[in-house]
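Structure record follows, encoded as structure tokens.
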Amino acid sequence: MGPSPDASAFAAIAAQLQCQTDEDTAARTIARRALELVGEALHVSLTISTAEGRYETLASTDHTATSADLLQYELGEGPCVEVAECVSWFRSGDVTVDPRWPRWGPGAGGLGLRSVLAVRLVTPGQDTQGALNFYSPDVGAFAEPETVDLAQVYAVHAANALSSAHLATGLQTALTSRHTIGLAQGILMERYGLDQHRSFELLRRTSSSQNVKLRDVAAAVVETGVLPGRQT
């Protein structure tokens, strides 16, 4: 096991995570910092569970970690899937012979992986977001209890940062959409002599009839000066 970070170093990492206001950037930072934090890990990935009940790798440090994740999603078995669903953490010192994952384990071994540690990411509201996955090519890695404790503490900070960044990204998207819709309304008001209410209703009806998001209809109006599907 590599040396554990001191309190000041860990605080600096936590502070950096909390400064992230973009979800994608936050996810990449979480994965990169996790790799630095847990010295036995050679690959790290961040699994999230979507509203549709699927799993996605939001960020990873390399292709090997992503491939190991995707194999779990395909097979429906593996540590990150089970952590995201039912337990706080999973560790295996040799996935190739671990009876819990008879299909994924040998597949992960084919990617050059032997040990894995997966810890659950939980939001402040105690909703599961997914899992933080640490992979190693060495047999017997992540065996020290301190390593598991460190990964779990880090996962709390990571989940909080990801939740905050997700909210910030959503707010920014909403503000951008609102601004675009306002611009589109102005164009339609001038072009067709409509008031503010009727210009919005025209955008809404076009969105509904063409099964296109309202913000995308508005963006098309801003770009072309006309509603999608209309020549003039």
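Summary of values
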| quantity | calculated |
| --- | --- |
| Computed E for L75/N211 - FRET, C-beta separation, R0 35 angstrom, nearest 0.05 | 0.55 |
| Cα gyration tensor shape for the range 68-130, rounded if a/c is under 1.5, else prolate or oblate | prolate |
| For L42, distant residues with modelled amide H under 5 Å away | Y135, S136 |
| Full-extension gain in nm, Q152 to M189, via 0.36 nm per residue minus C-alpha separation | 7.8 nm |
| T47, T180, T25 arranged by Cβ crowding within 10 Å, fewest neighbours leading | T25, T180, T47 |
| Full-extension gain in nm, H63 to S177, via 0.36 nm per residue minus C-alpha separation | 37.7 nm |
| Most to least packed among 196-209, 53-66 [average Cβ atoms within 10 Å] | 53-66, 196-209 |
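Read the figures in this text as sums done on the coordinates, not as results from a lab. This structure is a prediction, so every number in the text was calculated from the model and none was measured. When we count neighbours, we look across all protein chains shown, and the Cβ atoms used for this are built from the backbone with ideal geometry, even at glycine.
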